[in-house]
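Accompanying notes for the structure given below.
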Amino acid sequence: MMTDSIYTEIIMYHNKEGHNKHLLDHPSHVERGHNPNCGDDLTLQVEVEAGFIKDASFVGNGCAISTAAMSIMIDLVKGKSVEDANQLVKDYLEMIRGHELSAEALESLEDAQIFASLQKMPARVKCGTLGWHCMRVVLESQDSSESKITLDHNI
Ligand SMILES: [Zn+2]
């Protein structure tokens, strides 16, 4: 298990570094996440091209946990296929709900694993899942348009 100091270090790095905090030139999806309990208000921008997450970023203001969770999620899904990103979102949300993941699934979440401890902090769960819910909405919209395209081809 990761120690608290590594947890703090990763969260601080993503808040200080801000490498994912900017606007995209050509986002195909923009999804705002708002958590009134804490005041987190972050907007995810994603550029999906040919079934892959070509680029992603976020803007807005949130607490250290929501900001780090969003930034780590972006690092993780960037360059992945929509299908792989969908799996990561599913695994992450299951982990937060306290479901046991396979070692392989846990490994694939990389730094996002540190948020497993949120299941013991119900008040902060919404902070840690805000960005991931934004991504889920983006991927779901992507899914339906993709299956429509596939369907058209079949006809
Ligand atoms: Zn928060």
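The values are calculated or read from the model by the stated rules, or taken from the named source; none is laboratory data. All values reported here derive from a predicted model rather than from experimental measurement. Every residue, glycine as well, gets a Cβ built from its backbone with ideal geometry; the counts of neighbours run over all protein chains shown.
Answer with yes or no whether ALA112 is modelled with pLDDT of 95 or more and of a type in the set (A, V, I, L, M, F, W, C). Answer is yes for this residue. In the stretch 64-73, the condition of being within 16 Å of the ligand (Cβ to nearest atom), outside any helix (DSSP H, G or I) and either at negative phi or not β-branched (Val, Ile, Thr) (or both) is met by no residue. Filtered by the rule that a residue be polar (S, T, N, Q), loosely packed, with under 15 Cβ neighbours inside 10 Å and at pLDDT 95 or above, the stretch 30-81 gives ASN61, SER81. Looking at the stretch 27-42 only, could you name the residues that are touching a strand residue (DSSP E or B) at 6+ places or on another chain (Cβ under 9 Å), within 16 Å of the ligand (Cβ to nearest atom) and more than 12 Å from MET135 (Cβ to Cβ)? The answer is ARG32, HIS34, ASN35, GLY39, ASP40, ASP41. If you check LEU42, LEU101 for being free of Cβ contacts under 8 Å to residues at least 24 places away in the same chain and either part of a strand (DSSP E or B) or over 21 Å from TYR13 (Cβ atoms) (or both), only one passes: LEU101. The condition of being modelled with pLDDT of 95 or more and over 16 Å from ASN20 (Cβ atoms) does not hold for HIS99.
The set of residues in the stretch 97-118 that are within 16 Å of the ligand (Cβ to nearest atom) and surrounded by fewer than 19 Cβ atoms within 10 Å (Cβ to Cβ) contains only SER117.
For the condition away from the ligand (no atom under 16 Å from the Cβ), closer than 29 Å to LEU106 by Cβ, in contact with a strand residue (DSSP E or B) (Cβ under 9 Å, 6 or more places away or on another chain) and of a type in the set (Phe, Trp, Tyr), PHE58 does not qualify.
Please verify whether VAL59 is of a type in the set (A, V, I, L, M, F, W, C), more than 26 Å from ALA103 (Cα to Cα), under 14 Å from the mean Cα position of the chain (by Cα) and not in a loop (DSSP other than H, G, I, E, B), treating the condition exactly as stated. Yes; evaluated as a whole, the condition is true for this residue. Hey, among the residues in the stretch 120-140 that are free of Cβ contacts under 8 Å to residues at least 24 places away in the same chain and closer than 21 Å to ASP40 by Cα, which one's farthest from the ligand (Cβ to nearest atom)? So the residue we want is LYS120. Looking across the stretch 1-29, the residues that are under 23 Å from GLU110 (Cβ atoms), modelled with pLDDT of 95 or more and assigned to a loop (DSSP other than H, G, I, E, B) come down to ASN20, HIS22, LEU24. Going by the structure shown, is LYS54 not in a helix (DSSP H, G or I) and not small (Gly, Ala, Ser)? Here the answer is yes, as LYS54 does meet what is asked.
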